[in-house]
Structures are given as structure tokens and as C-alpha cells.
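> Just passing along the structure, written as C-alpha cells.
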Amino acid sequence: MTSSTPEVPSSPATGRGGRSNSRRELVEREIMEQATRLFAERGLAGTTLQDIADATGLTRPALYHYVANKDELFARLVSEIAEEPAVLLHEINERTDLDPVGKLHAMATAIAVHQTQTLDRFRLLIRSEAELPAPLADTYRQSRRRVLKEFVTVIDDGIAQGRFRAADSRVSALGIIGMLNWIAWWHRPGEAEADRAVARQLADMSVNSVLDPDADDAQPGHDRVIAQMRQNLDYLERELNPHRR
């Protein structure tokens, strides 16, 4: 299916800066969307620049005004989808106006919204993971580690403050990440507000999965964890030694 996007002149207009920039952004977005679709359908090796040019309604020479080659375009797609989530999470984790509960909710919402907006690219990344060139594969691995670190950090903070259950924070973070990533396989994009409603519901579920319903804001987190451990040990001792009941 070809787009009705007309070709651009061989040299950008200089006297219409705003219009030229806007025009370029539209064409680049169309190129990225069509490239994502073709890479997902045919794979990197099975897709040519001519295929991408045809899908966007450009000639191949016109396409070179936007991309140097197929590998460079694929690298841009992968880098953007791989690196942006970690940046979003780090910015939220740096905020001083939110407690761990608020941060985790904001982080889960941000990732969920990001997924609803980049479904095709994320699916492409997952399907192409085994075929990524070494530098891109390294970028992707580093990004995943950074995402995990940001979630672990906020969950650890919540445990320390007595807001989250004293559980393995890495396991909790991986569970939340898995739930949010799965959006790419079942969600069907709709209106922006409908997408945000889905994101908010999943963010609520993320927080509820680690929230301690018995949390006492007046008791420091570490003290409460120690008290819970003592209660658990007392319970275990009673179970193992019935005659002491």
C-alpha cells in the first residue's frame, strides 16, 4: 500500500523554515512507520530501500535526503525504541515531589503510554532481537538493565519507607516490566484518552502488586520489616513446636 505523500524537492526550502521543518518531520515519520511495518513483515534482509521508498510514495533518490542506507534506518528505529524508556524512568525517579508510590505509578504509566504509542516498533525490536548487529544488541541490553535498575530503585525505596511489602525487589520489578511490555501484543490503539485509561489501570495494578496493605506511615520501613520478620519467626516456631502454644 503506497502513501499519497508527495516527493520533496532535492534541496529544502530555506525561506520557509517552519513549513520546511514541519514537512520534513511528516515525511520522516512516514518513512519510519513504513520501514517498521516492512521490517516486521519481511525482516531486515528481506526489505530493500526501494521497498521503503515505494511504501512512502518517494523515489529512491528522494529517500536518500532522509536516510543514508537501510542499516542506518534500522539502527535509528531500534535505538529510539530501546533507549527512550530508560530516559523516561530516570527523569521520574529524580523527581523530589513524589514518594515511592507516586513514582512507581508515574513510571508504570509512562511505560504503558509509551507502549501504546510504539506498538509496531516494540514488536519489531522483540522479533529482531536475535538478529541485531553487535552494537545495537549492546545498546538494547544496556537499556534493559537501566530500565530494571530504575524500577528496582523505586521499589527498594518503597520497602525502606514501609510502603511496599518486603519482597525481592528485582522479581517485583521484572513482573511489572513484563506486564507492561505485554501491552504490545494485545492492545489495539484507540483514542488518546482511551489509551491513557489503559495505562492508568495497568499503573494501578503495578502499584497494588507491591503495596503493603498494612503499611503504617508512622513506623519507619526498616523497623516495620524487622517487626514482620519477628512475627513470622514466632509463627514458624509455634508451628514447629506445637507444645509451646
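The values are calculated or read from the model by the stated rules, or taken from the named source; none is laboratory data. On a predicted model such as this, the values are computed, not experimentally measured, just so you know. Using ideal geometry, Cβ is built from the backbone for each residue, glycine included, and neighbour counts are taken over all protein chains shown.
> Is it the case that some residue within segment 154-164 is under 14 Å from the mean Cα position of the chain (by Cα), modelled with pLDDT of 90 or more and more than 30 Å from residue 44 (Cα to Cα)?
Let us first name the residues in segment 154-164 that are under 14 Å from the mean Cα position of the chain (by Cα), namely none.
No, because not a single residue in segment 154-164 is under 14 Å from the mean Cα position of the chain (by Cα), modelled with pLDDT of 90 or more and more than 30 Å from residue 44 (Cα to Cα).
> Right, next: Pick out the one residue from 195, 204 that is in contact (Cβ under 8 Å) with a residue 60 or more places away in the chain, buried (at least 16 other Cβ atoms within 10 Å of the Cβ), assigned to a helix (DSSP H, G or I) and not small (Gly, Ala, Ser).
It is 195.
> Which one of these does residue 130 not meet: (1) out of contact with any helix residue (DSSP H, G or I) (no Cβ under 6 Å at 6 or more places or on another chain); (2) in contact (Cβ under 8 Å) with a residue 24 or more places away in the chain; (3) in a helix (DSSP H, G or I)?
(2)
> Since residue 118 meets every condition but one in (1) more than 30 Å from residue 191 (Cα to Cα); (2) of a type in the set (S, T, N, Q); (3) modelled with pLDDT under 85, which condition does it not meet?
(1)
> Exactly one condition in (1) over 20 Å from the mean Cα position of the chain (by Cα); (2) not in a helix (DSSP H, G or I) is not met by residue 51; state its number.
Exception for residue 51: condition (2).
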